[in-house]
Amino acid sequence: MRGSRLLALLVLACAACAAPERVDDGRYGSYLAHVAAADSALRLGELAEFRRWLERAPEAERGYEWRWLDSRRDQALASRALGCGAVLALDVSPDGATLAVSCGDGTVLVEERETKRELWRAKLHTDGVHCVRFDPRGERLVTASRDRTVKVWNARSGELLVDFDRHGFPVWAAAFSPDGERIASCSYERPSGTVVGSVRVWNSRTGAQERTLEAGVKPLSSIEFGPDGKSLACGSWGFRVFVWDLAAGGEPRELAMPDEGKYNAIDALAFSPDGALVAAAAKDDTARVWRLADGALTASLRGHSNYVNAVRFSPDGATLATASADETVRLWRTTDGTPLDVLRGHTESVRSLAFSRDGARLYSGSNDGALREWDPTTRAYDWTVLETASSAYWSTFSNDGTRLYTCGYDGRFQIWSTATWEQLANVEAHPADRSCHALALSPDGATLYTASYDGRVGVFDTVTTEELGRLEHDVGVYTLRLSRDGSVLAVAQMNGEVALWSTATREKLGLIAAAKSPCHDLAFSVDGELLAICTDTAKLGLWDVATRALVRELDHGELDAHSCVFTEDGERLLVGDGSGNVHVWGTGDWRHRSTIACFNGSIDRIAPSPDGRRAAAVSRDVALVDFERGELAAVVRPHSGGIFHVDWSPDGHVIATAAQSEGIGLTDDRPIGARLAALAAARARAAAAYEWVAAGLDIAQRSLAQLRDEVRADGSLSAEERDARLAALTRTTGGRSLRVLGYLGE
């Protein structure tokens, strides 16, 4: 199966590379082929191929799509080679201060977790060490090895305390009892030529054996005491988990792996912190979870494409982490088995996992010899979703990039800080049954205009969220746009007319009778003299804003224009049609330059990137269009349903999409480590700003508007401090609750 996938990928890439040469001697065509092949390999889970295609893409052509893919190549916060072969096992001390690592060459090392300073390193076994565990007090370590021994060590010095050699075959795992007085280790025996799974329970301080347990006819690969110390569980290569009641004695309970026609030997297991669940990792590419009270199988975690080698619960039990030979770590929601994230970065099979005791970090070890560190609480590895209470219709960034404004079906608009992705405000702008489905923001970011089927355009102060006025229309409003200088607001009415308003006086300047049905989209030229209007006709009209006269019509077959936008330099007009194409016109001669096929459905919105190299066009997915060359560069899929709107952050890193069923999607081309570091710094600034608000601002004596103006005029503040204070002021306008999926976790 994996070979056929790889063959298909190679055929795809080679076919793409065989495209006709361009004026750049085929370099750009080669780049597109490499990006397409890398994207396909990533979707198929062929990570080595993904890296190879990405690395070989011509550097001079690399754009947003390459950077976004590259940000998914290694998503670890930190990574380092340990120099001791495969990293087979990990554990964090109970106080969270120390990390223990065991390796394929018999080495064990112990280090301070935060500083990464090694306390000691030694080759303690003659073969691979498949298990390393702290005792409940963090004073001792137990190690189990293929060399058939289990040993207990002083965790601070590495001094040997106990050498247990009662196993006759390789020992795959060992565990301290919750009170630290016993150790259980598992292996197998071969009496009379057969195989029997074998457990030995012994005194952790003297090495005296206390009891022997047997189960199954295959080696036992993993072992755990229940949190209360009353039960002991083992995973078996005989496709089942055995659970002993240590007090009652007798035969173990058996939790059998479902027979799905694949080899499903168990390699690892873990108890949930409350002891209610046991999870097992198996060679059928799946991890499974059972409820111990009745033995019911509650979840089958599918998604890995190769053996699952390790499984660990987070300290709060809410998250389950799995590690696989497919080079990835996956995170799952414990309650229902929902997949949360795929963590990529290792270049060989991932063998071991360990959570920090506070759950804020996850560590993984691999056959590639590297130890990697992850943030398991964030949901921002591939993209972030800002949750909204209803369908999201619009997402637009402020010109300074500090705010994201969104609105939806429930008639409300939201203000988000782009530094912390905290929701600063959630305001009722229109009746819930009439929707709020379009926004326009003044260039200075001070005023927000909202559109609704109730026929009104709301005018709001963006810091105080106070409603400053309303622009009344005889019929419902479909969409709206501001001129680049913010002086004129164009409002598309449901009857096909476009009303023009002066934003300075809030007086209507006149009407453009553009169509007999709602206009799909509007776009002002950069100089504000022309307004492009998309209608259901086969032509797109260009209207003189001052005279409201039609000056030109653009057509290209059955155009059916659904969206339009002028590029930042004003030299191109991009038009999305109802058939999924983006058309490019030059504004100098109004000559049609190219047609770029993107989707099968209509293109609802287009947004050019700030650097002028790409435009994002949305339908069900996001098409990244190179409008200069007339090419589709890539397709990004941040949502599973339809997308209504798209915008780029001014720095060009983030694409925000408003989706029918999934809120606001954020696609970011920066490495997650850089994003999370920026987030931490922004949170610190936000905390200081909230303290400033709480430190005695007399809001009763000065209005929020006055305070806003004072903050903006304070030259002693850095740009980041000024923004944090404005955000804190916005947040004081109401005790609004927030729930953010993504950077802020759950």
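The values are calculated or read from the model by the stated rules, or taken from the named source; none is laboratory data. These figures come from a predicted structure and were not determined experimentally. Because the Cβ atoms are built from the backbone with ideal geometry, glycine has one as well, and the counts that use them run over all protein chains shown.
Counting only residues that are crowded, with 20+ Cβ neighbours inside 10 Å, farther than 11 Å from Ala658 by Cβ and of a type in the set (S, T, N, Q), how many does segment 381-401 have?
Selection size over segment 381-401: 2.
Identify, from the list Gly238, Gly207, the residue that is surrounded by 15 or more Cβ atoms within 10 Å (Cβ to Cβ), at pLDDT 95 or above and small (Gly, Ala, Ser).
Matching residue, one of Gly238, Gly207: Gly207.
Of the conditions (1) within 30 Å of Asn154 (Cα to Cα); (2) at pLDDT 95 or above; (3) surrounded by 15 or more Cβ atoms within 10 Å (Cβ to Cβ), Val289 satisfies every one except a single condition; which number is it?
In the conditions (1) within 30 Å of Asn154 (Cα to Cα); (2) at pLDDT 95 or above; (3) surrounded by 15 or more Cβ atoms within 10 Å (Cβ to Cβ), Val289 misses (1) alone.
In this structure, is Ser222 outside any helix (DSSP H, G or I) and under 20 Å from Phe169 (Cβ atoms)?
Criteria met by Ser222.
Scan segment 439-464 residue by residue and report those that are under 35 Å from the mean Cα position of the chain (by Cα), in a loop (DSSP other than H, G, I, E, B) and surrounded by fewer than 21 Cβ atoms within 10 Å (Cβ to Cβ).
Within segment 439-464, Ser442, Pro443, Asp444, Gly445, Ala446, Tyr453, Thr464 meet the criteria.
Checking the conditions here, which among Trp202, Trp172 is in the same structural domain as Leu255 (by TED's automatic domain parsing), surrounded by 14 or more Cβ atoms within 10 Å (Cβ to Cβ) and within 24 Å of Gly104 (Cβ to Cβ)?
After ruling out the rest, the residue left standing is Trp172.
Would you list the helices (runs of 4 or more DSSP H) that sit entirely within segment 26-122 and hold 3 or more residues that are at pLDDT below 95 and under 30 Å from Arg629 (Cα atoms)?
Those helices (runs of 4 or more DSSP H) span 27-44.
Restricting to segment 210-235, and then to whatever is surrounded by fewer than 14 Cβ atoms within 10 Å (Cβ to Cβ) and in contact with a Ser or Thr (Cβ under 9 Å, 6 or more places away or on another chain), can you tell me which residue is nearest to Pro136 (Cα to Cα)?
Thr212
Residues that are more than 28 Å from Pro443 (Cα to Cα) and at pLDDT 95 or above: which strands (runs of 3 or more DSSP E) entirely in segment 363-421 hold 3 or more of them?
370-374
Here's the yes/no breakdown for (1) out of contact with any Pro (no Cβ under 7 Å at 6 or more places or on another chain); (2) of a type in the set (Val, Ile, Thr); (3) over 25 Å from Arg344 (Cβ atoms); (4) free of Cβ contacts under 8 Å to residues at least 12 places away in the same chain:
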| residue | (1), (2), (3), (4) |
| --- | --- |
| Arg637 | yes, no, no, no |
| Gly642 | yes, no, yes, no |
| Asp647 | yes, no, yes, no |
| Ile664 | yes, yes, no, no |
| Arg670 | yes, no, no, no |
| Ala684 | yes, no, yes, yes |
| Ala687 | yes, no, yes, yes |
| Val693 | yes, yes, yes, no |
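Can we say Leu480 is under 22 Å from Phe627 (Cβ atoms), assigned to a strand (DSSP E or B) and at pLDDT 95 or above?
Considered against the rule, which asks whether it is under 22 Å from Phe627 (Cβ atoms), assigned to a strand (DSSP E or B) and at pLDDT 95 or above, Leu480 comes out as no.
If you take just the strands (runs of 3 or more DSSP E) that sit entirely in segment 250-301, which of them hold at least 1 residues that are small (Gly, Ala, Ser) and under 31 Å from the mean Cα position of the chain (by Cα)?
Of the strands (runs of 3 or more DSSP E) lying wholly inside segment 250-301, those with at least 1 residues that are small (Gly, Ala, Ser) and under 31 Å from the mean Cα position of the chain (by Cα) span 266-271, 277-282, 286-291.
Just to be sure before I move on: is Leu530 among the aliphatic types (A, V, I, L, M), touching a strand residue (DSSP E or B) at 6+ places or on another chain (Cβ under 9 Å), modelled with pLDDT of 95 or more and not assigned by TED's automatic domain parsing to the domain that holds Leu559 in the structure I sent?
yes
Would segment 617-629 turn up any residue that is over 30 Å from Ala724 (Cβ atoms) and in contact with a helix residue (DSSP H, G or I) (Cβ under 6 Å, 6 or more places away or on another chain)?
Among the residues of segment 617-629, at least one is over 30 Å from Ala724 (Cβ atoms) and in contact with a helix residue (DSSP H, G or I) (Cβ under 6 Å, 6 or more places away or on another chain), which makes the answer yes.
Could you tell me whether any residue of segment 184-196 is under 24 Å from Arg351 (Cβ atoms), buried (at least 20 other Cβ atoms within 10 Å of the Cβ), among the β-branched types (Val, Ile, Thr) and without any contact (Cβ under 8 Å) to a residue 60 or more places away in the chain?
no
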